[in-house]
Each structure stands twice: as structure tokens, then as C-alpha cells.
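Inspection log for the structure reproduced underneath, given as C-alpha cells.
The values are calculated or read from the model by the stated rules, or taken from the named source; none is laboratory data. Since we're looking at a predicted model, the values are computed, not measured. Heads up, the Cβs are rebuilt from the backbone with ideal geometry, glycines too, and the neighbour counts pull from every protein chain shown. What goes into the accessible areas is simple: the full protein's heavy atoms, side chains included, and nothing from ligands, DNA or RNA. Shrake-Rupley method; radii C 1.70, N 1.55, O 1.52, S 1.80 Å.
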Amino acid sequence: GDEHNYQPTNQSNTEGNDDQATWGLTVLEAAEYSFKDPKQNGNPYSWTELAENVFDAIYKRWDEDSCNGGLRWQYNKDRGGYNYKATIANSNLFQMSARLARLTGDDKYVTAAKEIYNWIMGAGLAYEGEWGTEVYDGTYTDENWRDVTTVFWASSDGVWLGGTAYLYDVTKDETWKDRTNKIILGSQTLYNNSVLYERACQTYNICNTDQRVFKAVYARYLAQA
């Protein structure tokens, strides 16, 4: 994209905040595993700087005008889903914050991660109960925004627990370790007889291309945690 933040103009009708953040997480992984620096090929930004560009582009869309904060699912007002604050978009940004804090040592990313975490919990998009923390799909921005869509998706659990685990690694604060464990306990709802099962779509054999990969996202971040 023109701003080197994985937001190309020719994708503005299809790309959402969650998609853009996924590219941010991808280039973070390139930085963490010391892939060849793009600057060696004459590009203006390193992997880390590209991830920072993505973070900056998305974080400036933090929306205090509805639901007391949070990210909308879509950043294009003309797209369906602009009036929905999806957990996955916020969780992706949360994990980006945690990993940038780990990679750069800049406390501003810890502060941002805490803000995002507190909003998700406060908005009811995740619920910490007696048997662990359950992660839901999102909420609409209308006057009844507290009517949370209580659908489970493996990817939301995975990205969320990955973020808390990274924050524990950064801060060494036992609170984040405890939160990670509670998300793992709560994610047992994703299993059917010890096998990961995307019940929201797999039960009816209607999983689309995105939904068919969600369990892999969960498994990846469970392993990293």
C-alpha cells in the first residue's frame, strides 16, 4: 500500500481491520524469526517497521463514539460490518500490541494492549467465569451494544490467549499468566471428545474458507502460549 501498512487502495472494498492486522501479525513473525530484512533489497522499511505501520494505521481507528471504545470490524463505512465491533479485530490488535512490546521494548505498546484488553472484557466480548474465560464473536454499535453475539470461534480464542501469553513474557506479571490459563480452560468449549470442533459452522457443514482455518489459528497460538 501507499503508506507501507498493508492497506492497498485496490483492496479497500474487501479488507477489514481484522485482515490488515493479520498481515501485521505475519510481518511480526518475520521480524521475530529474523527473516531477511526488506531494507537489504532497497525497501524503505524493516519487518518491524512495517508491523508498526500496520499498528498505527489500525489503532488510530479506535472508536470512542460507540461502545465506549473498541475497533469496528470494517474500516470502510460502505461495507457491511462497519456497525459491528468484532472480537477478532480487537484481539488481533491486542496481540500485535503485546508482540510489538516484546520486540521493541517500547512501553507504549504495553499500555495499548492493556487498554484493548480492558475494553474487550468491559464490553462483555470475553467473560471470565468459574470454569475459565469464554471468548465471544462481537457486538453491534447500536444502542443495545451490550447484546453480545455469544458465538464461539476458535480463532478468537487463539489470538486472545496468544496475546495474554506474550504480555506475560513481556511483563513477567503473574496476572497475565493467570489470564492465559483461564482462556485455555475456557476454550475447552471448542472441543468435541478431545477433538477441536468449530461448532458454529461444522455442526451444519456450512464452514466457509475462512472458518475452515480457524482451528489452525487456535492451535498455533496455543502452542506458542
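Summarise the accessible area of region 100-225 (1.4 Å probe, protein heavy atoms) by the percent that is carbon and sulfur.
Answer for region 100-225: carbon and sulfur cover 47 percent of the accessible area.
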If you take the beta carbon distance between Q211 and K60 as r and set R0 to 30 Å, what does 1/(1 + (r/R0)^6) give as a FRET efficiency, to the nearest 0.05?
0.55
Would you compute, from DSSP H runs of 4+ residues alone, the mean residue ellipticity of the chain at 222 nm, taking -39500 (n - 2.57) per run and dividing by the full residue count, rounded to the nearest 500?
-15500 deg cm²/dmol
Euclidean distance of C-alpha centroids, region 150-225 and region 39-115, integer Å:
20
Area accessible to solvent at R146, 1.4 Å probe radius, in Å²:
150
In a solvent-free Debye calculation with one equal scatterer on each Cα, what is log10 I(q)/I(0) for region 54-131 at q = 0.24 Å⁻¹, listed in the order of the q values?
-1.14
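Of K108/K172; K60/K114; K172/K215, which ones are farther than 21 Å apart at the Cα? Don't skip to the answer; put the middle values down first.
On the way: K108/K172 17 Å; K60/K114 16 Å; K172/K215 28 Å.
In this structure, K172/K215 lie more than 21 Å apart at Cα.
At 1.4 Å probe size, with every protein chain present, just tell me what the per residue accessible area of region 1-141 comes to in Å². Mind dumping the intermediate values first?
Working: 6700 Å² over 141 residues.
I get 48 Å² per residue for this part.
Treat every Asp and Glu Cβ in region 78-159 as -1 and every Lys and Arg Cβ as +1, leave all other atoms uncharged, and give the resulting dipole magnitude about the Cα centre to the nearest 20 debye.
360
Calculate the dipole size of the chain relative to its Cα centre from +1 charges on Lys and Arg beta carbons and -1 charges on Asp and Glu beta carbons; express the result in debye to the nearest 20. Could the numbers behind the result be given before it?
Details: 21 positive and 32 negative charges, 98 e Å.
Dipole of the chain, to the nearest 20 debye: 480 debye.
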Sorted by accessible surface (1.4 Å probe, heavy atoms of the protein chains only), largest first, I116, I88 come out as I88, I116
Region 97-162: radius of gyration and largest Cα-Cα distance (Dmax), Å:
13.5, 39
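What is the packing order of peptides 69-78, 25-34, 91-100, 190-199, taking the mean over residues of other C-beta atoms within 10 Å and listing the highest first? Display every interim value, and only then the final one.
Details: 69-78: 19.6, 25-34: 16.3, 91-100: 27.9, 190-199: 13.1.
Ranked from most to least packed, the peptides come out as 91-100, 69-78, 25-34, 190-199.
What's the FRET efficiency of K36 with D142 using the Cβ-Cβ distance as r and R₀ = 41 Å, to the nearest 0.05? Write down the numbers at each step before the final one.
On the way: r = 47 Å, r/R0 = 1.15.
With a Förster radius of 41 Å, E is 0.30.
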Can you compute the charge dipole magnitude of region 117-225 about its Cα centre, using +1 on each Lys and Arg Cβ and -1 on each Asp and Glu Cβ, nothing else charged? Give it in debye, rounded to the nearest 20.
420
In nm, what is the difference between 0.36 nm times the number of residues separating K114 and N193 and their Cα-Cα distance?
25.0 nm
